[in-house]
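Have a look at the structure below, then the notes.
Coordinate-derived values only; no laboratory data. Remember, predicted model here, so these are calculated numbers, not experimental data.
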């Protein structure tokens, strides 16, 4: 991602995130956030607690991602589920991809 392009320019500021819905990037796209000090994190946009379906693609809401299936929320700084139910079931945090910064580009890989 070239941060000079308008689509990715929000990532030049710490705490800003973008959703990249490009086909072939992750299962349902990826969320990328600038966490400061030229560090970026990238996470799968498909909810880790649902099989891919019509509601499992999460939505970007500031610095969190929200799954519309059951309103699960995840931090884009850590990938952790913020509202984990206390029902004894196992829940998963977001799948993270490798993100590296070089020059004015962020490279995402797995």
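Below is a table of values for the structure above.
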| item | result |
| --- | --- |
| Stokes-Einstein diffusion coefficient of the stretch 34-89, Kirkwood radius over Cα pairs, 37 °C, 0.692 mPa s, in µm²/s | 274 |
| Whole-percent pair-distance distribution, where bins are 10 Å wide, for the alpha carbons of the stretch 9-109 | 16, 50, 26, 7, 0 |
| Relative contact order computed over the chain (Cα-Cα under 8 Å; 6+ residues apart), in percent | 22 |
